[in-house]
Amino acid sequence: MSVSRREFLERSAALTAAGFLPRVPSPDELGRPIAAGAVGASAIGVPFRGRPVVVSSANGIRGVKVAYDQITKGTDPLDAIIAGVNIQELDPDDQSVGLGGLPNEEGIVQLDASCMHGPTKRAGSVAGIEDIATPSLVAKAVMDYTDHVMLAGAGARKFALAMGFKAQNLLTEKSRQDWMRWKSRLNAGDFWLDHNDDIKIKFTTGTINMNAVTATGDIASVTTTSGMAYKIPGRIGDSPIIGAGQYCDNLVGAAGSTGRGEANIKACASFLAVEFMRQGLAPEAALIKTLERVAAMTEPRLLDANGRPKFDLEFYAVAKDGRYAGATLYSGGRFAVCDEKGPRLESAAFLFKR
Ligand code: ASP
């Protein structure tokens, strides 16, 4: 990582004190939100009492514990879940995110990330950023230090460098070899000799989404990814899109996603899941209804003979009162959760049986 969290925060505090950066208003200055009726109303002026929970995609099993421990000690929920997803971003063996993520078709790792901070109603995002291992922190820096929500490509990289993040080569030897294997088997008629090894070409659908609610009902969400393996350079997935890759409303809850981003973007599905919770649905029912919408929005070329999507998409959600869920298009999925019972993987609800 370019800057340690401590350095980042120290520098931010110094810049803010010096008047160079906008001061971030505290939740109290903005007025603490009151729980919506659908998710457990509380009388005006009475502090909300809920239960802290962190939920994420299954690869966040280590991160949910880190984030949960932090929120129960009073850390801001967004800082806590970003610390949680940083574990995957910096893990060279997770080939779906950050350092070691599988590259685009030209062998360049391009990362997407976005986040939302419920208490202050802010969001930040970076798309197609290169050379920076922790795009979740860059997305948060966009949120904290600019009047924009989204930065993309070369501009996002420049911004990150200006903020003190360090550039590094994100293509690990393992991911380079996977990319070369994919390339050599692309087309028998090209000038790359096909390998005859038995190694399966690796495609990742990965990504990490993490959402948290604190005991006082403050909510945050973050999603970070290297996107679809071997994508066309410049392809942007759902992860950096606010309302698709993740969405958070401090009155209601948060939701986020992994899987085929193109299907998610068309349904604005994380936003939709939060809206279903706002209407009164429990997280699991909200996610299933969201998946129904995704299936209904699927173009014919992506439907199988039974009219079902040929891809998978997974959603994770928390409600303000601490209820949570994970749900996938197809059975067999799992998701990570941490609450007072500790970190664990649970079976996801599903729309279709495999
Ligand atoms: N949702 C990510 C994307 O489409 C990929 C994934 O989760 O597998 O970029």
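The values are calculated or read from the model by the stated rules, or taken from the named source; none is laboratory data. Predicted, not measured: the structure shown is a model, and the values here were computed from it. All Cβ positions, even for glycine, are placed from backbone atoms using ideal geometry, and neighbour counts span all protein chains on display.
The table below gives the values:
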{"read-out": "Members of region 71-105 that are touching a Phe, Trp or Tyr at 6+ places or on another chain (Cβ under 9 Å) and either assigned to a loop (DSSP other than H, G, I, E, B) or within 15 Å of the ligand (Cβ to nearest atom) (or both)", "value": "LEU102, PRO103, ASN104, GLU105"}
{"read-out": "Among the candidates SER125, SER175, residue that is buried (at least 23 other Cβ atoms within 10 Å of the Cβ), polar (S, T, N, Q) and in contact with a Cys (Cβ under 9 Å, 6 or more places away or on another chain)", "value": "SER125"}
{"read-out": "Residue within region 296-319 that is under 21 Å from THR120 (Cα atoms), touching an Asp or Glu at 6+ places or on another chain (Cβ under 8 Å), surrounded by fewer than 20 Cβ atoms within 10 Å (Cβ to Cβ) and modelled with pLDDT of 95 or more present", "value": "no"}
{"read-out": "Residues of region 87-105 satisfying the condition of being buried (at least 24 other Cβ atoms within 10 Å of the Cβ) and farther than 12 Å from LEU171 by Cα", "value": "GLN88, GLU89"}
{"read-out": "Residue selected from region 153-170 under the condition crowded, with 20+ Cβ neighbours inside 10 Å and among the hydrophobic types (A, V, I, L, M, F, W, C), by the criterion nearest to SER125 (Cα to Cα)", "value": "ALA156"}
{"read-out": "Failed item, numbered, when PHE315 is tested on (1) aromatic (Phe, Trp, Tyr); (2) within 16 Å of the ligand (Cβ to nearest atom); (3) in contact with a Lys or Arg (Cβ under 8 Å, 6 or more places away or on another chain)", "value": "(3)"}
{"read-out": "Filter result (more than 15 Å from the ligand (Cβ to nearest atom) and either farther than 16 Å from ASP321 by Cα or assigned to a loop (DSSP other than H, G, I, E, B) (or both)) within region 252-269", "value": "VAL252"}
{"read-out": "Test: residue in region 48-68 that is surrounded by fewer than 19 Cβ atoms within 10 Å (Cβ to Cβ) and in a loop (DSSP other than H, G, I, E, B)", "value": "yes"}
{"read-out": "Any hit, region 321-342, residues being at positive phi and not in a loop (DSSP other than H, G, I, E, B)", "value": "yes"}
{"read-out": "Qualifying residues in region 226-251 (those that are of a type outside the set (A, V, I, L, M, F, W, C) and part of a strand (DSSP E or B)) - the one nearest to the ligand (Cβ to nearest atom)", "value": "GLN246"}
{"read-out": "MET150 being crowded, with 24+ Cβ neighbours inside 10 Å and in contact (Cβ under 8 Å) with a residue 60 or more places away in the chain", "value": "no"}
{"read-out": "Residue within region 270-292 that is away from the ligand (no atom under 12 Å from the Cβ) and of a type in the set (Phe, Trp, Tyr) present", "value": "yes"}
{"read-out": "Residue, farthest from ILE236 (Cα to Cα), within region 106-122, restricted to residues that are surrounded by fewer than 24 Cβ atoms within 10 Å (Cβ to Cβ) and away from the ligand (no atom under 16 Å from the Cβ)", "value": "THR120"}
{"read-out": "Among residues of region 310-325, those that are in contact with a strand residue (DSSP E or B) (Cβ under 6 Å, 6 or more places away or on another chain) and within 26 Å of MET228 (Cβ to Cβ), counted", "value": "7"}
{"read-out": "Residues of region 200-225 that turn out to be within 14 Å of the ligand (Cβ to nearest atom), modelled with pLDDT under 95 and of a type outside the set (Val, Ile, Thr), as a count", "value": "3"}
{"read-out": "The one condition in (1) within 16 Å of the ligand (Cβ to nearest atom); (2) assigned to a helix (DSSP H, G or I) that ARG301 fails to fulfil", "value": "(1)"}
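Here's the yes/no breakdown for (1) under 21 Å from TYR230 (Cα atoms); (2) within 24 Å of the chain's Cα centre (by Cα):
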| site | (1), (2) |
| --- | --- |
| ALA154 | yes, yes |
| ARG157 | yes, yes |
| MET163 | no, yes |
| GLN177 | yes, no |
| MET180 | yes, no |
